[in-house]
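The values are calculated or read from the model by the stated rules, or taken from the named source; none is laboratory data. Note that this is a predicted model, so its numbers are computed, not measured. Note that each Cβ is placed from the backbone with ideal geometry, even for glycine, and that neighbours are counted across all protein chains shown. In case anyone asks, the SASA skips ligands and DNA or RNA and just uses the protein heavy atoms, side chains included. Shrake-Rupley method; radii C 1.70, N 1.55, O 1.52, S 1.80 Å.
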Amino acid sequence: MAAAAVTAATRGNGAGGGRAGAGEASGSRKKKGPGPLATAYLVIYNVVMTAGWLVIAVGLVRAYLAKGSYHSLYYSIEKPLKFFQTGALLEILHCAIGIVPSSVVLTSFQVMSRVFLIWAVTHSVKEVQSEDSVLLFVVAWTITEIIRYSFYTFSLLNHLPYLIKWARYTLFIVLYPMGVSGELLTVYAALPFVRQAGLYSISLPNKYNFSFDYYTFLILMMISYIPIFPQLYFHMIHQRRKVLSHTEEHKKFE
Amino acid sequence: MSIQKPHLQGTPALEGGCPPSSEFCGRLLGGSVWGSFIFSWAMAVGPLGLHLHRSRQCQGRHGLLSSTAAEFDRASPAQSTSRGEVEILDAKTREKLCFLDKVEPQATIAEIKNLFTKSHPQWYPARQSLRLDPKGKSLKDEDVLQKLPVGTTATLYFRDLGAQISWVTVFLTEYAGPLFIYLLFYFRVPFIYGHKYDFTSSRHTVVHLACICHSFHYIKRLLETLFVHRFSHGTMPLRNIFKNCTYYWGFAAWMAYYINHPLYTPPTYGAQQVKLALAIFVICQLGNFSIHMALRDLRPAGSKTRKIPYPTKNPFTWLFLLVSCPNYTYEVGSWIGFAIMTQCLPVALFSLVGFTQMTIWAKGKHRSYLKEFRDYPPLRMPIIPFLL
């Protein structure tokens, strides 16, 4: 869901990093877009993020070639993954200060769910780091993010190649379920270790008269995917129809 | 309707201390609370609630409610027509829904809504939004047809506000819940804690005290809803009741679970902490009640004047000197007191969430005061003196 949520055009028409929107269909309102300084900053941000995720992609490939197997590749890209995924927190800030016309709440939800998976699950429960499910969501995220950030970069520069737009609105069909599966399997794998270690849990009695069971929390989180995933997925499908058909029409008139 | 309702208000006037044994205290409290709850519930949500709702519809604005900016009368003098005609179109589809002829020019929007309901009974007046422009603001019930900028045939656009529910009903439901739910935990009904704890009583005085405070807080709110508050808007969208009740009932259950837990840990600083916190709680409850009464007296029943609230002889109202919405200030204070008294993190979190919401409301209210009154006292802040 963290995967899909980020791919999903819950961020309006899709240019989350910068909504010049010029590459979009002529039918939509011309959006004002951020000022020149903000645009420059956002371009730099999106370029850096694209590069970062490319580093992760390359890292994965190289590690695979070196090891000869696809198991336990997480360790080779652990640091850049943590760095660049956590860096996405800036996107919440972008929405908050208004240089990106997305909902702060929605963006927070999307970024936080990713950050949660990276730190509160994969990093915290060392035993799951060698699971194959980790590779599943890392690959899904990597491909998604490379396309997404380059999409934003091009949009900001008012020169969006159709291929990127197509990729953004098509590959999710496979990547989203792939990412969600990876996430769910990873959380599921972490459960016994959380239970055993009493990770992030506090029980009564204590002087704050409060208790929290991380194990139950994770289970509830997994259950929450059931209503949320289909909604986001079908929203993206709907967006795809709108965006890609619009461009078709636009092309016809050229 | 986008009225923001103040969720946390109310202060119960606390009764005296506990009878000798805490068990007896608990049972007496339980009995009287149950009794008053069931009584007021039966009274309220039945015809009385409806009656109150109707009789209140025309009454003045509740000082606490509505963060909408002041709306001045639309006094544009339209041509005076002897008998008007009104056509009502759907705001989205422009479909002609209703045509009323022979409408008195002095007719109010409320009357037109009633006429419209006759031809479309599923759209009772509370769910109608009539406006001059499809994308414009809703006309008020009190607006007179003659005074609107319309020609011989007035064209009004209709938007369905969705199923509505009366404010009184919502308030009563959302406040009765916590009252009842807390007691379930207090009396440790089966299936909450382990079976060996069923119907047992806590050995900590503070737990009984907390139950008294919590219960009186919500009884006070219920009574204020019935007898004190004057609601400017009669209804709100139906889905709000689910949202509001989830919030109130959910938090009440969460807090009550820990406070009444067999493994509850009393406050670190003992009786001293409890006494201080109780004092804060009582003072703030009295303060909150004083503000509610002051706001009620601000506008006599039926009139529409908006006035700046000022301190009265009651010292608790002197907070008006520093703050626009002292009722919210006192409410936050009450919950902080309760949190200190119980030393329970969920209570602190509940206070924090409530504070956040009330701050948003207070800022809105403050803004509309400033907009409406040139001479609004400059020293006043929305909710926290000098700070916020």
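Overview of results
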read-out: Single unsatisfied condition, B:L345 versus (1) closer than 21 Å to B:P382 by Cβ; (2) within 14 Å of chain A (Cβ to nearest Cβ); value: (1)
read-out: Some residue of the range A:213-228 being within 14 Å of chain B (Cβ to nearest Cβ), surrounded by fewer than 18 Cβ atoms within 10 Å (Cβ to Cβ) and either touching a Ser or Thr at 6+ places or on another chain (Cβ under 6 Å) or under 30 Å from A:V61 (Cα atoms) (or both); value: yes
read-out: Selection from the range B:334-366 of residues that are closer than 27 Å to A:K207 by Cα, in contact (Cβ under 8 Å) with a residue 24 or more places away in the chain, under 18 Å from the mean Cα position of the chain (by Cα) and open to solvent by less than 20 Å² (accessible area, probe 1.4 Å); value: B:S334, B:W335, B:F350, B:G354
read-out: Hits in the range B:225-255 - residues which are touching a Pro at 6+ places or on another chain (Cβ under 6 Å) and away from chain A (no Cβ under 14 Å); value: B:Y248, B:A252
read-out: The range B:268-277, subset open to solvent by less than 40 Å² (accessible area, probe 1.4 Å) and within 30 Å of B:C325 (Cβ to Cβ), residue nearest to the other protein chains (Cβ to nearest Cβ); value: B:Q273
read-out: Enumeration of residues in the range B:258-270 that are more than 13 Å from B:H214 (Cβ to Cβ) and touching a residue at least 24 places away in the same chain (Cβ under 8 Å); value: B:H261, B:P262, B:Y264, B:T265, B:P266, B:P267, B:T268
read-out: Selection status of A:M221, part of a helix (DSSP H, G or I), closer than 30 Å to B:A339 by Cβ and not acidic (D, E); value: yes
read-out: Cβ-Cβ under 8 Å pairs, at least 6 apart or on other chains, the range B:231-253 side among the charged types (D, E, K, R), far side in a loop (DSSP other than H, G, I, E, B) and open to solvent by less than 40 Å² (accessible area, probe 1.4 Å); value: B:R239/B:G162
read-out: Residue satisfying condition, being surrounded by 17 or more Cβ atoms within 10 Å (Cβ to Cβ) and within 14 Å of another protein chain (Cβ to nearest Cβ), within set B:Y218, B:Y258, B:Y182; value: B:Y258
read-out: Selection within the range B:203-237 - at pLDDT 90 or above and part of a loop (DSSP other than H, G, I, E, B); value: B:R203, B:H204
read-out: Filter result for B:L319 (assigned to a helix (DSSP H, G or I), more than 26 Å from A:F210 (Cα to Cα) and touching a helix residue (DSSP H, G or I) at 6+ places or on another chain (Cβ under 6 Å)); value: yes
read-out: Test: residue in the range A:182-196 that is of a type in the set (D, E), open to solvent by less than 10 Å² (accessible area, probe 1.4 Å) and more than 14 Å from every other protein chain (Cβ to nearest Cβ); value: yes
read-out: Lone qualifier among B:H208, B:H195 - being more than 27 Å from the chain's Cα centre (by Cα), away from chain A (no Cβ under 14 Å) and open to solvent by less than 10 Å² (accessible area, probe 1.4 Å); value: B:H208
read-out: Residues (more than 25 Å from A:Y200 (Cβ to Cβ), of a type in the set (S, T, N, Q) and surrounded by fewer than 17 Cβ atoms within 10 Å (Cβ to Cβ)) located in the range A:78-126; value: A:S103
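Matching residues to (1) aromatic (F, W, Y); (2) at pLDDT below 90; (3) closer than 20 Å to B:G337 by Cβ:
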| site | (1), (2), (3) |
| --- | --- |
| B:I280 | no, no, yes |
| B:C284 | no, no, yes |
| B:G287 | no, no, yes |
| B:A294 | no, no, no |
| B:D297 | no, yes, no |
| B:T305 | no, yes, no |
| B:K313 | no, no, no |
| B:T317 | no, no, yes |
